[in-house]
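Worksheet for the structure shown next.
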Amino acid sequence: MTLSETGSAEFNGPERNGVVQPGATSQEIYDGGMKVRREVLGAAHVDRANANKDSFTEDFQDMITRIAWGGIWTRPGISRQMRSAVTLTAMVAHGHWEELAMHIRAAITNGLSRDEIKEILLQTAIYCGVPAANTAFKTAQQVFHSMDDAAMDEAETDKNP
């Protein structure tokens, strides 16, 4: 890695492709993708997705693990926070509300704050449209309430083992 004149990272070496290195096996790419997928989405989510796969969905699950998570999310060129910001915007732009909820949780895991997510959603109002941002804000609000409720339940459990 080198720094450009603007101070941004430039990846000129072989590491620029994440786990997709010359000579990497399909299994190595899959394993690297699965590692990042579990880190970003959480083991419980990935375990549910894998438990629900069948002969019809197995190839799709394999594809997203290898290509999206192994091929893209392992690349070092931008941070996971930036990847989350881009992903949230894409989910809003295309109206993928269930995926948006999942990626809001992932964005928090990746280190974005609720205020940063709010700013991203405000930005989408301009470039994706106010109706889409309206739904996105409702989706985020539901996710945050769910997360807060789960945290309160966990705190109660900790008090009363």
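Here are a few things to note about the model shown:
- Of all residues in region 130-161, those satisfying the criterion of being surrounded by 14 or more Cβ atoms within 10 Å (Cβ to Cβ) and small (G, A, S) are A132, A133, A136, A140.
- Residue check for G77: modelled with pLDDT under 95 and either closer than 24 Å to G33 by Cβ or among the hydroxyl-bearing types (S, T, Y) (or both): yes
- The listed residues are A68, A125, A90, A150, and the only one of them that is out of contact with any helix residue (DSSP H, G or I) (no Cβ under 7 Å at 6 or more places or on another chain) and either over 30 Å from Q21 (Cβ atoms) or among the β-branched types (V, I, T) (or both) turns out to be A150.
- Of all residues in region 11-28, those that are under 18 Å from S79 (Cβ atoms) and in a loop (DSSP other than H, G, I, E, B) have Cβ atoms under 7 Å from Cβ atoms of residues that are of a type in the set (D, E) and at pLDDT 85 or above, 6 or more apart or on another chain, in V19/E28.
- Boolean, T57 is at pLDDT 95 or above and either in contact with a strand residue (DSSP E or B) (Cβ under 6 Å, 6 or more places away or on another chain) or not assigned by TED's automatic domain parsing to the domain that holds K118 (or both): yes
- Condition met for R37 (in contact with a Phe, Trp or Tyr (Cβ under 8 Å, 6 or more places away or on another chain), among the basic types (K, R) and either in a helix (DSSP H, G or I) or modelled with pLDDT of 95 or more (or both)): yes
The values are calculated or read from the model by the stated rules, or taken from the named source; none is laboratory data. All values reported here derive from a predicted model rather than from experimental measurement. FYI the Cβ positions are ideal-geometry reconstructions off the backbone, even for glycines, and counts take in every protein chain you see.
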